[in-house]
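Notes follow the structure.
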Amino acid sequence: MVAAIGDPPRFPNGKAFRSYTGLVPKASETGDTDRKGQPTSKAGSSLLRTTLIRADSARHQDPQLARIYYVQMVECAKDHLGALFVVAANLAERFWTVMNRQMPYVICDTKACAVIPSEA
């Protein structure tokens, strides 16, 4: 992950890094038509994308990521892989933030209060 991101400030924000990973939907806008729900763009490194998607264990340890997964599965009616893509995209943004700020990752509950791993 560190090798893939390189110098964090080269991306203006976390969304730019998420876009770099290819974990964002393709843009399909022509004229007055804006199509939502397109497949992912798959830009960037496939190894980076695969690493983020395989980080499924993150949702088991971080309540905020677990909440994102739950919302995608239950409220948005996505399948497991679709929900994992959304979690992986959020994880990519968080990774960029941690690297950019040069501070440790803090696990928080769904109300944004820091918790220890055993409470999570």
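Key figures for this structure:
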quantity	calculated
Amide H contacts under 5 Å for Cys108, placed H, 5+ residues apart	Gln64, Val115
D (Stokes-Einstein, µm²/s), Kirkwood Cα radius, segment 58-118, 0.692 mPa s at 37 °C	270 µm²/s
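Coordinate-derived values only; no laboratory data. These figures come from a predicted structure and were not determined experimentally.
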